[in-house]
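To keep things clear, I will list the structure first and then write my remarks on it.
The values are calculated or read from the model by the stated rules, or taken from the named source; none is laboratory data. Remember, it's a predicted structure, so these values are computed and weren't measured experimentally. Cβ placement follows ideal geometry from the backbone for every residue including glycine, while neighbour counts extend to all protein chains displayed. Accessible surface is based on the protein model in full, side chains and every heavy atom, while ligands, DNA and RNA are left aside. Shrake-Rupley method; radii C 1.70, N 1.55, O 1.52, S 1.80 Å.
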Amino acid sequence: MNATHSEAAQTAASVTPLNPPVDPRSFDSFASFYPFYLNEHRNPTCRRLHFVGSSLTLLCLAALVATRNPWWLLAGLLCGYGFAWVGHFGFEKNKPASFKRPLYSFMGDWVMYRDMWVQGFKRLKGD
């Protein structure tokens with residue numbers, strides 16, 4: 001059994017009548033949504049692509065402020081969502097929660113981004 005078939009079998013096994021897929025719209029707070037958000041980002045490549053996209057978005061926003069050229073806003077949106085969607089469709093094999101919960105997903109991306117920075121600094125310090 002190859003890895004792709006195994007992953008598909010695990011996914012199919014995890015979605016049963018007793019364990020149906022979760023609708024992101026069912027969460028009534030960000031605190032309850034965030035664990036779901038992290039679960040949708042288990043693939044390390046997907047998380048890394050989110051990190052790159054968010055970093056490029058911040059650079060585009062800095063360029064927007066520095067140049068006052070509104071095209072940097074479009075570039076920032078394309079970087080942020082483009083990298084994230086490649087991660088989801090190409091590696092995580094799921095639909096981004098931003099399609100159903102855009103605000104919570106946006107917030108989740110920046111909390112996850114901060115957490116990745118914090119974890120990186122802890123590894124550097126040896127914690």
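Rank 114, 101 by accessible area, highest first, at a 1.4 Å probe radius?
The most accessible residue leads, giving 114, 101.
Let me know the whole percent of all Cα-Cα pairs from region 48-127 that are separated by more than 22 Å.
32 percent
If you roll a 1.4 Å probe over the heavy atoms of the protein chains, what accessible area per residue do you get for region 26-100, in Å²?
Per residue, region 26-100 has 61 Å² of solvent-accessible surface.
At a probe size of 1.4 Å, how large is the accessible area of residue 45, to the nearest 10 Å²?
50 Å²
Could you work out how much longer the chain between residue 25 and residue 65 gets when fully extended? Use 0.36 nm per residue separation minus the Cα distance between them, nm to one decimal.
So the chain would gain 11.0 nm between residue 25 and residue 65.
Could you please state how large a percent of the accessible area of region 33-127 is carbon and sulfur, counting protein chains only and using a 1.4 Å probe?
Of all accessible area on region 33-127, carbon and sulfur atoms account for 70 percent.
So how far apart, in nm, are the two label points at residue 45 and residue 110 if each is 7 Å from Cα heading toward Cβ?
Computed distance between label sites residue 45 and residue 110 equals 2.9 nm.
For region 37-97, calculate the relative contact order in percent as a whole number, restricting contacts to Cα pairs under 8 Å that are 6 or more residues apart.
Relative contact order here is 45 percent.
Can you work out the Karplus-derived ³J(HN,Hα) for every residue in region 82-96? Use 6.51 cos²θ - 1.76 cosθ + 1.60 with θ = phi - 60°, whole Hz, and x for glycine or proline.
Each residue of region 82-96 in turn: x, 5, 5, 5, 4, x, 6, 6, x, 10, 7, 6, 9, 8, x Hz.
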